[in-house]
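Data block below; observations after.
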Amino acid sequence: MCGGVVVYAAQADVQIDAGIAEKGCFRIEISQEGAMLVLTRKPGEGIIIGDNIRITVVELKGGGVRIGIDAPREIKVHRQEVFDRIKQENKEATQWDIADLNELSSILDAGRKK
């Protein structure tokens with residue numbers, strides 16, 4: 001059996017390596033959001049996403065898992081809580097009130113008249 005860390009990949013269409021399938025080191029979990037591939041990895045082991053993203057379990061430490069991510073520079077990599085904050089701030093930035101626009105227009109018009 002495979003010991004180590006469980007890695008979750010939230011993608012329904014995944015290809016399973018035959019070696020992993022033989023060892024029984026994975027399972028598919030189904031939730032309301034869709035299917036999730038769950039892999040068990042030990043420190044030093046990893047997974048490959050696509051052709052150019054490598055995720056490696058670096059160590060298990062203090063109840064946490066340290067992972068290394070090797071990805072091209074053009075691929076954005078964020079911790080989940082940072083990504084959620086970026087999404088929320090982007091959403092808030094799109095919310096505006098016409099009164100704010102009118103006030104800004106008045107300020108700009110007053111600056112032009114001077």
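Rounded if a/c is under 1.5, else prolate if a/b beats b/c, else oblate: with a ≥ b ≥ c from the C-alpha gyration tensor eigenvalues square-rooted, which is region 44-96? Let's see the in-between values first.
Working: a/c = 4.57, a/b = 1.74, b/c = 2.63.
Because a/c hits 1.5 or more and a/b fails to exceed b/c, region 44-96 counts as oblate.
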Sequence-distant residues sharing a close amide H with residue 42 (under 5 Å, placed H): 5
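Could you please rank 70, 51, placing first whichever residue has the fewest other Cβ atoms within 10 Å of its Cβ? Before the final figure, lay out the partial values.
Numbers: 70 12, 51 5.
Fewest to most other Cβ atoms nearby, the residues stand as 51, 70.
Can you work out the FRET efficiency for the pair residue 108 and residue 45, with r the C-beta to C-beta distance and R0 = 41 Å, to the nearest 0.05? Before the final figure, lay out each step's value.
Working: r = 59 Å, r/R0 = 1.44.
Result of the calculation: an efficiency of 0.10.
Read-outs throughout are calculated quantities, based only on the coordinates presented, and are distinct from any laboratory measurement. In this text, all values refer to a predicted model and were calculated from it rather than measured experimentally. Please note: Cβ atoms are built from the backbone with ideal geometry, for glycine as well, and neighbour counts cover all protein chains shown.
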